[in-house]
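Read the structure below first, then the notes.
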Amino acid sequence: MNICPHCAGAFVLGRDIESAFGIQMVVKRILHCSKCNTLMSTKIINGIEVDICPSCGMVWLDKSELAKLWISKPMQKTVQARK
């Protein structure tokens, strides 16, 4: 295990985590952006994990993520000024 001197985060072998905590880690899929083929990153938006392309900004929402995102934050209504 290596500890980061800047943030105190730990860099640990996956098998050591599995052994120490008696769990099996699940490897997530690796997504490439369908627009520019860049490897996508994972971001948390309103507590929901989504995949975002660091190159072009496209976001991939899994089947249930759009619904969860929609429910997690009420839609902001646009008010147009009337003359």
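What follows is calculated from the coordinates using simple rules that are stated; it is not laboratory data. All values derive from a computational prediction rather than experimental measurement. All Cβ positions, glycine included, derive from the backbone under ideal geometry; neighbour counts span all protein chains shown.
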### Query
Name the residues in segment 1-41 that are over 30 Å from residue 71 (Cα atoms) and of a type in the set (Gly, Ala, Ser), would you?
8, 9, 10, 14, 19, 20, 22
### Task
Search segment 1-12 for residues being in a loop (DSSP other than H, G, I, E, B) and either free of Cβ contacts under 8 Å to residues at least 12 places away in the same chain or of a type in the set (Lys, Arg) (or both), and hand back the single one that is surrounded by the most Cβ atoms within 10 Å (Cβ to Cβ).
12
### Counted residues, segment 42-55 - those being part of a loop (DSSP other than H, G, I, E, B), within 22 Å of residue 69 (Cα to Cα) and of a type in the set (Ser, Thr, Tyr)
0
### Summary
Within segment 21-41, the residues that are surrounded by 10 or more Cβ atoms within 10 Å (Cβ to Cβ) and either acidic (Asp, Glu) or not in a loop (DSSP other than H, G, I, E, B) (or both) are 32, 39, 41
### Query
What number of residues within segment 14-29 satisfy the criterion of being over 23 Å from residue 43 (Cβ atoms) and without any contact (Cβ under 8 Å) to a residue 12 or more places away in the chain?
8
